[in-house]
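Peer 1: Got a structure here, written out as structure tokens. Questions coming.
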Amino acid sequence: MDLDDTLLDNSLRVREEDRRALERARRAGVVVTLATGRMYRATLPFVEELAIDAPVITYQGALVKHPRTGRVLLHRPVPLALALEIVGRLAARGFHLNVYLDDELYVAGHTPESRLYASISRVEARAVGPLGPFLQKTGRDPTKVLAIAGEEEINRLLAEMQPLYEGRLHVTKSKPRFLEFSHPRADKGHALAAVAACYGLRREEVIAVGDSYNDLEMIDWAGLGVAVANARPEIRARAAFVTASNEDGGVARVVEKFIGAT
């Protein structure tokens with residue numbers, strides 16, 4: 001399941017009823033994991049809280065890693081040439097950008113946007129100056145690139161960037177103000193399929209719960225795709241079932257209705 005606005009309430013906490021429901025599901029033999037756009041390190045506190053013992057999907061599906069063994073199931077970073085193109089194009093237009101490398105967050109400089117992101121992810125950014133020269137110096141493919149701006153500006157940028165990079169990058173919104181650029185096969189659907197394959201699970205045996213545009217691929221792929229009530233209308237329309245909101249035990253309702261673990 002997704003974290004922000006799905007499992008986490010509006011205070012960025014796991015509600016007790018959801019935590020208990022997931023614990024019951026685990027004890028019943030259900031494989032429980034997270035699928036988030038967050039960094040791996042920003043996901044670990046919730047992994048520990050929920051005692052998850054399965055590969056965790058992070059960075060929108062670009063990195064899938066088992067928190068107990070440290071095994072990387074898959075890592076699909078953005079090709080450096082494309083990352084440099086995105087950074088150059090958007091930095092010139094004044095967008096705040098995050099670049100992720102080795103599970104560290106890099107920004108050109110600290111801004112209101114970087115502070116907003118830090119307040120959500122609880123990860124401090126490293127200010128390194130212009131990101132293009134920084135990436136060129138590393139010579140390595142970043143895990144993803146994120147642009148932050150106002151909601152309307154992000155919507156316009158999404159409409160511009162998706163057709164421009166179709167087939168070359170996966171471009172999606174994770175939050176109304178966050179536009180994500182990742183490897184073309186780095187999405188939660190591909191990542192969830194990889195995790196399911198580890199356990200010999202067919203898609204018909206998988207439930208995915210989410211709220212946002214970056215959850216669509218896993219909602220579509222899973223045998224049962226679920227949206228929380230606070231999801232955008234277009235996300236709810238794609239889901240097979242709509243549960244309660246993230247503030248009203250939506251994940252717990254899914255466990256009770258479809259798993260029935262006691």
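Peer 1: Within segment 165-182, does at least one residue satisfy the condition of being surrounded by fewer than 20 Cβ atoms within 10 Å (Cβ to Cβ) and in a helix (DSSP H, G or I)?
Peer 2: no
Peer 1: In this structure, does Asp9 turn out to be touching a residue at least 12 places away in the same chain (Cβ under 8 Å) and closer than 18 Å to Ala227 by Cα?
Peer 2: Against the criterion (touching a residue at least 12 places away in the same chain (Cβ under 8 Å) and closer than 18 Å to Ala227 by Cα), Asp9 qualifies.
Peer 1: Which one is surrounded by the fewest Cβ atoms within 10 Å (Cβ to Cβ), of the residues in segment 56-68 that are closer than 18 Å to Val209 by Cα and aliphatic (A, V, I, L, M)?
Peer 2: Filtering segment 56-68 for residues closer than 18 Å to Val209 by Cα gives 56-61, 64.
Next cut, aliphatic (A, V, I, L, M) only: 56-57, 64.
Numbers: Val56: 23, Ile57: 31, Val64: 28.
Residue satisfying both the conditions and the ranking: Val56.
Peer 1: Under the condition of being surrounded by fewer than 21 Cβ atoms within 10 Å (Cβ to Cβ) and among the basic types (Lys, Arg), which residue from segment 1-55 is nearest to Glu104 (Cα to Cα)?
Peer 2: In this case the residue turns out to be Arg41.
Peer 1: For the list (1) touching a helix residue (DSSP H, G or I) at 6+ places or on another chain (Cβ under 9 Å); (2) farther than 18 Å from Pro184 by Cβ, I need the number of the one condition that Glu48 fails.
Peer 2: All conditions pass for Glu48, except number (1).
Peer 1: Looking at segment 139-154 only, could you name the residues that are touching a residue at least 12 places away in the same chain (Cβ under 8 Å) and either among the small types (Gly, Ala, Ser) or surrounded by fewer than 15 Cβ atoms within 10 Å (Cβ to Cβ) (or both)?
Peer 2: Across segment 139-154, the qualifying residues are Gly139, Arg140, Ala147, Ala149, Gly150, Glu151.
Residue-by-condition table, conditions (1) in a helix (DSSP H, G or I); (2) more than 24 Å from the chain's Cα centre (by Cα); (3) not assigned by TED's automatic domain parsing to the domain that holds Ile154:
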| residue | (1), (2), (3) |
| --- | --- |
| Leu90 | yes, no, no |
| Arg93 | no, yes, no |
| Leu97 | no, no, no |
| Ser114 | yes, no, no |
| Val123 | no, no, no |
| Lys137 | yes, yes, no |
| Asp141 | no, no, no |
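Peer 1: Mind checking which pairs have a first residue in segment 76-90 that is within 16 Å of Glu166 (Cα to Cα) and a second that is assigned to a helix (DSSP H, G or I) and modelled with pLDDT of 95 or more, Cβ under 8 Å, 6 or more apart or different chains?
Peer 2: Listed by first residue and then by second, the contacts come to Val78/Ile86; Ala83/Leu135.
Peer 1: Could you tell me whether any residue of segment 214-228 is under 18 Å from the mean Cα position of the chain (by Cα), of a type outside the set (D, E, K, R) and at pLDDT below 95? Let's see the steps before the verdict.
Peer 2: We begin by selecting, within segment 214-228, every residue under 18 Å from the mean Cα position of the chain (by Cα); these are 214-222, 225-228.
Now restrict to residues that are of a type outside the set (D, E, K, R): 214, 216, 218-219, 221-222, 225-228.
Restricting the remaining residues to those that are at pLDDT below 95 gives 214.
Scanning segment 214-228, I find at least one residue that is under 18 Å from the mean Cα position of the chain (by Cα), of a type outside the set (D, E, K, R) and at pLDDT below 95, so the answer is yes.
Peer 1: In the set Glu234, Glu205, Glu247, which member is closer than 17 Å to Ala54 by Cα, surrounded by fewer than 19 Cβ atoms within 10 Å (Cβ to Cβ) and in the same structural domain as Thr33 (by TED's automatic domain parsing)?
Peer 2: Details: Glu234 fails: closer than 17 Å to Ala54 by Cα; Glu247 fails: closer than 17 Å to Ala54 by Cα.
Within the list Glu234, Glu205, Glu247, the selection yields Glu205.
Peer 1: Among Met39, Met1, which is in contact with a helix residue (DSSP H, G or I) (Cβ under 6 Å, 6 or more places away or on another chain) and among the aliphatic types (A, V, I, L, M)? Reasoning before the result, please.
Peer 2: Numbers: Met39 fails: in contact with a helix residue (DSSP H, G or I) (Cβ under 6 Å, 6 or more places away or on another chain).
Answer to the check: Met1.
Peer 1: If Leu158 satisfies all but one of (1) in contact (Cβ under 8 Å) with a residue 24 or more places away in the chain; (2) outside any strand (DSSP E or B); (3) crowded, with 16+ Cβ neighbours inside 10 Å, what's the number of the condition it fails?
Peer 2: Condition (1) is where Leu158 drops out.
Peer 1: While we're on this one: Looking at segment 180-201, I want the residues that are under 18 Å from Val145 (Cα atoms) and have a partner that is modelled with pLDDT of 95 or more and basic (Lys, Arg) with Cβ atoms under 7 Å, at least 6 apart or on another chain. Which pairs are those?
Peer 2: Pairs that qualify, where the first residue is under 18 Å from Val145 (Cα atoms) and the partner is modelled with pLDDT of 95 or more and basic (Lys, Arg), are Glu180/Lys144; Phe181/Lys144; Ser182/Lys144; His183/Arg76; Pro184/Arg168; Arg185/Arg76; Ala186/Arg76.
The values are calculated or read from the model by the stated rules, or taken from the named source; none is laboratory data. Since the model is a prediction, treat every value here as computed from it, not as a measurement. All Cβ positions, even for glycine, are placed from backbone atoms using ideal geometry, and neighbour counts span all protein chains on display.
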